[in-house]
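The values are calculated or read from the model by the stated rules, or taken from the named source; none is laboratory data. As the structure is a prediction and not an experimental result, all values here were calculated from the model. Note that we place each Cβ from the backbone using ideal geometry, even for glycine, and neighbour counts take in every protein chain shown. Surface accessibility is based on the protein's heavy atoms, side chains included, excluding ligands, DNA and RNA. Shrake-Rupley method; radii C 1.70, N 1.55, O 1.52, S 1.80 Å.
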Amino acid sequence: MRYFIELSYNGSAYHGWQYQPKAISVQEVLERALSTLLKTPVFVMGAGRTDTGVHASQLFAHFDFNEVLLDGNFIFKLNSFLPKDIAVHNIFRVKDDAHARFNALSRTYLYRITLEKNVFTFNDTFYVKQDLDIEKMNEASKILLDYKDFQCFSKSNTDVKTYYCNIMKAAWVTENNELRFTIQADRFLRNMVRAIVGTMVNIGLGKTTIDDLHAIIKSKNRSEAGFSVPAHALYLTKIEYPDDIKL
């Protein structure tokens with residue numbers, strides 16, 4: 001039987017979601033906890049992989065287990081096996097062919113930029129000292145929706161077959177002395193969001209123009225795009241699935 005598990009994690013202590021042979025990952029810690037609790041080796045498949053230091057307020061993964069998990073205290077027990085920076089929120093049965101990665105309709109990320117030095121949020125946000133032109137950054141964000149090939153924002157030497165992504169939403173808002181960038185797409189390339197944000201910051205600073213952005217995307221060259229902003233201010237916030245995958 002296949003189960004979906006919904007979790008969140010603070011990625012500061014981890015080398016991303018996906019298993020790493022010589023570094024600790026969220027996937028490894030979750031698999032170890034599930035295997036201990038269920039007394040059998042358990043493999044989990046995540047909806048996607050987050051980079052080192054990136055957080056997730058919502059991530060789904062699936063795993064198979066040959067018994068019905070009816071214990072109402074199972075989530076509580078599982079959380080007791082997990083460290084304080086990983087939390088499981090829900091576990092539910094899905095169709096046997098449901099896939100946490102391939103059935104996802106969209107993913108949404110949030111990037112947080114603080115506009116003032118804040119001793120309480122420096123671990124959670126990226127501090128930019130200079131003034132940023134949010135109107136230009138939002139104008140640039142709209143341009144992203146006109147393109148599909150985002151190779152220019154992808155980390156080099158990746159094993160993807162295509163650089164096409166369908167971006168459904170991209171916008172900046174100001175909230176409590178923070179600039180918050182929300183972007184939603186059917187899929188993301190490695191380092192894509194951080195490279196987009198870095199390019200947007202350059203536009204906000206006046207180092208890059210709106211017209212430059214068109215040329216950058218068309219170039220398909222990572223070196224033409226902006227810098228990669230720090231990972232600690234990036235959050236995977238939402239993953240959407242078809243309603244019919246649940247039993």
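Ligands, DNA and RNA aside, residue 101 has an accessible area near 120 Å² when probed at 1.4 Å.
Percent relative contact order of segment 67-136, based on C-alpha pairs within less than 8 angstrom and at least six residues apart?
On the way: 28 pairs, mean separation 12.5, N = 70.
Result for segment 67-136 is 18 percent.
Comparing 13, 171, 87 along the charge dipole axis of the chain, the residue lying farthest to the positive side is 13, per the Cβ-charge model.
Here the dipole of segment 135-209 is about 220 debye; that uses its Cα centre as origin and unit charges on the Cβ of Lys and Arg (positive) and Asp and Glu (negative). Here the dipole of segment 195-247 is about 200 debye; that uses its Cα centre as origin and unit charges on the Cβ of Lys and Arg (positive) and Asp and Glu (negative). Under the simplified labelling scheme, the residue 209-residue 81 pair shows an inter-label distance of 5.9 nm, with each label point 7 Å from Cα along Cα→Cβ. Placing +1 on the Cβ of every Lys and Arg and -1 on the Cβ of every Asp and Glu, with no other charges, gives segment 1-89 a dipole of roughly 140 debye about its Cα centre. If I build a Gaussian network model for the chain, linking alpha-carbon pairs within less than 10 angstrom, which residue out of 181, 120, 153 has the largest mean-square fluctuation? Ranking 181, 120, 153 by mean-square fluctuation puts 120 first.
Ranked by solvent-accessible area (1.4 Å probe, protein heavy atoms only, all chains present), the residues 223, 35 order from largest to smallest as 223, 35.
Run the helix sum for the chain: -39,500 (n - 2.57) per DSSP H stretch of 4+ residues, divided by residue count, reported at 222 nm to the nearest 500 deg cm²/dmol. Working shown, then result.
Values: 5 runs with 56 residues, N = 247.
Computed ellipticity for the chain at 222 nm equals -7000 deg cm²/dmol.
Seen through its C-alpha gyration tensor, with square-root eigenvalues sorted a ≥ b ≥ c, segment 119-247 comes out oblate because a/c lies at 1.5 or above while a/b is not bigger than b/c. Is segment 1-72 rounded, prolate or oblate when judged by the Cα gyration tensor, a ≥ b ≥ c being the square roots of its eigenvalues, rounded requiring a/c under 1.5 and prolate requiring a/b larger than b/c? Taking the square roots of the gyration eigenvalues as a ≥ b ≥ c, segment 1-72 is prolate.
Top mean-square fluctuation among 119, 197, 54, Gaussian network model of the chain, C-alpha springs under 10 Å? Maximum among the listed residues: 119.
Helix 210-219 and the longest principal axis of the Cα set of the chain meet at an angle near 60°.
Over segment 42-100, calculate the relative contact order: mean separation of alpha carbon pairs under 8 Å at least 6 apart, over the residue count, as a percent. Mind showing how you got there, number by number?
Working: 35 pairs, mean separation 22.6, N = 59.
Relative CO of segment 42-100 lands at 38 percent.
For segment 192-247, rounded, prolate or oblate, judged on the Cα gyration tensor with a ≥ b ≥ c (square roots of eigenvalues), a/c < 1.5 rounded, else prolate if a/b > b/c? Prolate is the answer for segment 192-247, as a/c is 1.5 or above and a/b outweighs b/c. If you run the Gaussian network model on the chain, springs between alpha carbon atoms under 10 Å, then out of 177, 138, 79 the most flexible one is 177. For segment 83-92, the Karplus equation 6.51 cos²θ - 1.76 cosθ + 1.60, evaluated at θ = phi - 60°, returns couplings of x, 5, 9, 10, 9, 9, 10, 7, 9, 8 Hz by residue, with Gly and Pro reported as x. Of the options (i) 0.98; (ii) 1.23; (iii) 1.08, only one is Cα Rg over 2.2 N^0.38 Å as computed from these coordinates, and that is (iii). Which angle between 0 and 90 degrees, to the nearest 10, do you get for helix 26-38 versus the longest principal axis of the chain when only C-alpha atoms count? Between the helix axis and the principal axis of the chain, the angle is about 10 degrees.
Per-residue Karplus couplings for segment 238-247, computed as 6.51 cos²θ - 1.76 cosθ + 1.60 with θ equal to phi - 60°, are listed in order as 7, 10, 10, 10, x, 5, 7, 7, 7, 8 Hz, Gly and Pro entered as x.
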